[in-house]
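The values are calculated or read from the model by the stated rules, or taken from the named source; none is laboratory data. Keep in mind it's a predicted model, so treat the numbers as computed, not measured. Backbone-built Cβ (ideal geometry, glycine too); neighbour counts: all protein chains shown. With ligands, DNA and RNA removed, areas are computed over all heavy atoms of the protein, side chains included. Shrake-Rupley method; radii C 1.70, N 1.55, O 1.52, S 1.80 Å.
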Amino acid sequence: MAVFILKRLIQSVFVMLAVAFLAFSLFSFVGDPISQMTGVETSLEDQARLREELGLNDPFIVQFARFTGDMLQGNFGYSYRTREPIGAMLLDRLPATLELGTVALIISLIAGIPAGIYTALNPRGVLSQSMLIATLIGVSIPTFVIGILLIFLFGVQLGWLPTFGRSGTVEIGWWRSSLFTVDGWRSLVLPGLTLGLFQLTLTMRLVRAQMMEVMRTDHIRFAIARGIPWRSIRYRHALSNTMIPVITVIGLQFGGVIAFSIVTESVFQWPGMGLLFLESIRFVDIPVMSVYLVVIAFFFVVINLLVDLLYLLIDPRLRVREAA
Amino acid sequence: MLTVEDLTVRFHHRSGAATAVEGVSLTVGQGEIHGLVGESGAGKSTIGASIMGLLPAAGEIASGRLMLGETDLRALTASEAHQIRGKRISMIFQDPQTSLNPLMTIGDQLIETIQAHEEISTDAARARAIALLEEIGITDATRRIRAYPHQFSGGMRQRVVIALALCTNPELIVADEPTTALDVSVQAQVLKLLRSLARDRGVGFILITHDIGVIAQVADRVTVLRGGRIVEQGETRQVLTAPEAPYTQALMAAVPPLDHRLDRFHLPVVVGEETETAGAEAAREAEDWLREGIGSAAGPELELSGITVRFHGERQGFFGARESFTALDDVSLTVRPGTVMGLVGESGSGKSTLAKVVAALVQPSSGEMRLGGAQLPFMRTRHRHHPSRRLLQMVFQDPFSSLNARHRIATILGEPLWLYGLETDRTRRDRLVRSMLALVGLPPEAADRYPHQFSGGQRQRIAVARALLSRPGLLICDEPTSALDVSIQAQILNLLKDMQSRFGLTTLFISHDLAVVRQMSDDIAVLQGGKLVETGPSEPFFTRPAAGYSQDLLANTPRVRFDRSVA
């Protein structure tokens, strides 16, 4: 088991290196940093001095090593646009994105898994069919349209919920949370729903397909033939076997939710990392863009690692093979 | 105990209703094993499912009575029927690999089953489960009850399945092909277990099987089914020694005998029914074409010496060496020109690996191969245009997955012709393909259809045709009939035998069925755990096997001849 984890960790290191390389390449290929940092009035000598001071004349590989080393030490550099340290900027935005992503994921799971089970067990029911059609519509409409529709309905027409922004936050250390006030929740509902809706439909359809397949397997038929109570057949035998492939996808989804939150954050002006990324693109703020890339990749890697560990926990076939 | 009277089951499809079982009556007494035997489509499993109340949604019991003791099974509500399942009737499935929940320990599965039907504490249920596992032949049950299904071998897993079916003390167990997925020696053990359970515990069994040999070994009474109707029913001794119905006779005759060799396999053709249409005229062209290419000489000799194959296992520890698994250990054998070498052994013995080595699908770690005197390179060094690629052809086990489902038969069969540059003219290719279809006993029009439009036996004929169309010298048949019914098996084996002798093909014939191998082969080689145990001419082997393992293999093979000594 330790070997397995170690193997995964080594693989993760390679993934992170590859992403870091891509992120670093941004500097070399998307314009010249010096010309972006300085104005027209900076003299050529000053520009050359700055180039030398920042180590931009060093060979590519040396610069890359320095970049990676700085990253590892938590030194993410400074934004061209705001002149602030990027680490602090991202840390400031991180809670907003994580809270939004988690709420969206939870919405998609609490609604998606039971809906998937229900539609799998009653495939021909009227309710199942209408749920399937509704989710088909959900998948087909782009996220930003859903967001705008929700804003129009609940924010403008009914006036129940705020249309944008993040309010009612409480500071716990450096973590600014909106989970502890009614106001905070009110501003979280619409973006969370918008972001979670697509994941919800995906989860539901996946659980449904998987569960229907599991219900046809021999071991379920054998359990039925042994007269095991239906409740146990469905929720103990079938559901656990259903969840094995579903967990991988949910793990990847969570990474996706954080990465895709860019669109939702922009529609709702949600002050998260995604919005920061969009602003950085507008100002060609390359350091922020590349760090954002690395951070998102890091999330993906960590989540995948957790999913693998979860697998070990659920599936005995993956644990160390004991002699039997 | 169980009485089935005049059972008729219909399946409703979009195109209408089809009758799967019609007017079947049978009884099973306490401690009795009642065998249901027949070919696929005979309705055996449908009868089992009707008794269990587990017919698929499209199926419906149209008429008849199903009585278990005093209980009318048809009058039960859905929840009452579910109560009776496990409690009074249970079931054993075919494949022990898939019939256990992989995520629960066998102990949890046993305890849950016991508690589903009885008010009993978990400890008491566990104690009973352990006692039952020991009774069924799983040693050290106290420890192994905590193991997961994947930690047991196939035979042991089937014992666990039997324990699960038995742990609630049911009156009747429906066993649907309980030994089909098992090796002969394991099959013999499992059948013995069923026999003793019937005798000692008084459990009634319905034993569903396609294998008359299994019936002969354990069943007290037998019902022969065909197309959903009873053909013959009675005491096993009576039915198997003096079968009355022509179909029973034909079915028994179609099972290849283990104790002597026949020139041809008997087809289960009931006298007076339709016989095969011969398309000799249409086949002439393909036959001439093959003769012209292959010549009259016998096929090349295949010599294997010191073939060793190792597969790498999982790493033991991060820096530890990989544990390797030796699939073939120093195997040397010679297939004489134009003869058939039968390769036998249990699953995991390395039979198929050997075939793959010859076909360049697996890379051996050492050894040498020669084909017709010339060096035959291994997988990594045998380039795509090596002449042996054409000379050496394979017929695979599963005719459902060995033909490309999206190609017409004409395309599939035309491929070897242009691939090996045998025939450049398109119309001539098409004519040859159609003629070859006639040669293997299919209508030439079959060329315009797709694989799914054919039955398993027909597809296997197509596979043979494909092999022949490359003008082969060496044919490798890997379990070519084990997915087929006996009657179809006989046809395909006859076809292979015909083609082999007519064109002098050197053949490596792999099978787990010793009776089939006896009929097919001139020489025989026995593999066990990757080692060659015995090799030599076939007939002396069957009369006097030298190695102890070969004797066991022969002794465990079920015979159709009525024989109660095994039980």
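In the range B:62-75, the qualifying residues are those that are surrounded by 17 or more Cβ atoms within 10 Å (Cβ to Cβ) and outside any helix (DSSP H, G or I), and the one that is nearest to the other protein chains (Cβ to nearest Cβ) is B:Leu68.
Considering the range B:409-448, and only residues there that are touching a helix residue (DSSP H, G or I) at 6+ places or on another chain (Cβ under 6 Å) and among the basic types (Lys, Arg), the residue that is nearest to B:Arg389 (Cα to Cα) turns out to be B:Arg429. Checking B:Ala116, B:Ala127 one by one, the residue that is more than 14 Å from every other protein chain (Cβ to nearest Cβ), of a type in the set (Gly, Ala, Ser) and in a helix (DSSP H, G or I) is B:Ala127 and no other.
Sort out which residues of the range B:95-105 are under 14 Å from B:Gly154 (Cβ atoms) and at the interface with chain A (Cβ under 8 Å from one of its Cβ atoms), and write them in order of number. Those that are under 14 Å from B:Gly154 (Cβ atoms) and at the interface with chain A (Cβ under 8 Å from one of its Cβ atoms): B:Asp95, B:Thr98, B:Ser99, B:Leu100. Screening A:Ser177 on (1) modelled with pLDDT of 85 or more; (2) over 18 Å from A:Ser266 (Cα atoms); (3) crowded, with 16+ Cβ neighbours inside 10 Å; (4) of a type in the set (Ser, Thr, Tyr) shows it passes everything except condition (1). Restricting attention to the range B:152-170, the residues that are open to solvent by 20 Å² or more (accessible area, probe 1.4 Å) and under 18 Å from B:Ala219 (Cβ atoms) total 0. In the range B:379-394, the residues that are assigned to a helix (DSSP H, G or I) form Cβ pairs under 9 Å with partners that are open to solvent by 30 Å² or more (accessible area, probe 1.4 Å) and among the basic types (Lys, Arg), at six or more places apart or across chains, as follows: B:Met379/B:Lys356; B:Arg390/B:Arg471; B:Leu391/B:Arg471. From the list B:Leu422, B:Leu437, B:Leu403, the lone residue that is within 28 Å of B:Glu39 (Cβ to Cβ) and not in a helix (DSSP H, G or I) is B:Leu403. The residue that is surrounded by the fewest Cβ atoms within 10 Å (Cβ to Cβ), counting only those in the range B:131-144 that are within 11 Å of chain A (Cβ to nearest Cβ) and not in a helix (DSSP H, G or I), is B:Asp140. Among the residues making up the range B:363-392, those that are touching a strand residue (DSSP E or B) at 6+ places or on another chain (Cβ under 6 Å) and among the polar types (S, T, N, Q) are B:Ser365, B:Ser366, B:Ser388.
Under the condition of being under 30 Å from B:Ser550 (Cβ atoms), within 10 Å of chain A (Cβ to nearest Cβ) and not in a helix (DSSP H, G or I), the residues counted in the range B:146-186 number 2. Screening B:Met91 with (1) open to solvent by less than 60 Å² (accessible area, probe 1.4 Å); (2) touching a strand residue (DSSP E or B) at 6+ places or on another chain (Cβ under 9 Å); (3) within 12 Å of chain A (Cβ to nearest Cβ); (4) outside any strand (DSSP E or B) gives one miss only, at (4). Of all residues in the range A:63-87, those satisfying the criterion of being of a type in the set (A, V, I, L, M) and surrounded by 11 or more Cβ atoms within 10 Å (Cβ to Cβ) are A:Ala65, A:Met71, A:Ile86.
When we screen A:Ile233, A:Ile250, A:Ile228 for residues that are in contact (Cβ under 8 Å) with a residue 12 or more places away in the chain, out of contact with any Cys (no Cβ under 9 Å at 6 or more places or on another chain) and within 14 Å of chain B (Cβ to nearest Cβ), the only hit is A:Ile233.
Restricting attention to the range A:7-60, the residues that are at pLDDT below 85, among the aliphatic types (A, V, I, L, M) and open to solvent by 70 Å² or more (accessible area, probe 1.4 Å) total 3.
Residues checked against (1) touching a residue at least 40 places away in the same chain (Cβ under 8 Å); (2) in a helix (DSSP H, G or I); (3) in contact with a Ser or Thr (Cβ under 7 Å, 6 or more places away or on another chain); (4) surrounded by fewer than 20 Cβ atoms within 10 Å (Cβ to Cβ):
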{"site": "B:Ala327", "(1), (2), (3), (4)": "yes, no, yes, no"}
{"site": "B:Val331", "(1), (2), (3), (4)": "yes, no, no, no"}
{"site": "B:Thr334", "(1), (2), (3), (4)": "no, no, no, yes"}
{"site": "B:Gly338", "(1), (2), (3), (4)": "yes, no, yes, yes"}
{"site": "B:Gly342", "(1), (2), (3), (4)": "yes, no, yes, no"}
{"site": "B:Leu354", "(1), (2), (3), (4)": "yes, yes, no, no"}
{"site": "B:Val357", "(1), (2), (3), (4)": "yes, yes, no, no"}
{"site": "B:Pro364", "(1), (2), (3), (4)": "yes, no, yes, no"}
{"site": "B:Glu368", "(1), (2), (3), (4)": "yes, no, yes, yes"}
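Within this structure, A:Leu276 fails the test of being in contact (Cβ under 8 Å) with a residue 24 or more places away in the chain, part of a helix (DSSP H, G or I) and within 14 Å of chain B (Cβ to nearest Cβ).
Take the conditions (1) within 14 Å of another protein chain (Cβ to nearest Cβ); (2) outside any helix (DSSP H, G or I); A:Pro271 misses just one of them, which is (1). Listed by position, the helices (runs of 4 or more DSSP H) contained in the range B:475-563 that have at least 3 residues being basic (Lys, Arg), at pLDDT 90 or above and touching a Gly at 6+ places or on another chain (Cβ under 7 Å) form an empty set.
Restricting attention to the range B:372-379, does a residue exist that is of a type outside the set (Val, Ile, Thr) and under 30 Å from B:Arg284 (Cβ atoms)? The answer is yes; a qualifying residue exists.
If only residues of the range A:209-225 that are away from chain B (no Cβ under 11 Å) and more than 17 Å from A:Ile314 (Cβ to Cβ) are counted, the one that is most open to solvent (accessible area, probe 1.4 Å) is A:Glu213. Among residues that are among the acidic types (Asp, Glu), without any contact (Cβ under 8 Å) to a residue 12 or more places away in the chain and not in a loop (DSSP other than H, G, I, E, B), B:Glu445 is included.
For the range A:72-79, the criterion of a residue being assigned to a helix (DSSP H, G or I), modelled with pLDDT of 85 or more, of a type outside the set (A, V, I, L, M, F, W, C) and at negative phi is satisfied by no position. Would you say B:Ala49 is open to solvent by less than 40 Å² (accessible area, probe 1.4 Å), without any contact (Cβ under 8 Å) to a residue 12 or more places away in the chain and under 30 Å from B:Ala490 (Cβ atoms)? So B:Ala49 fits the description; yes.
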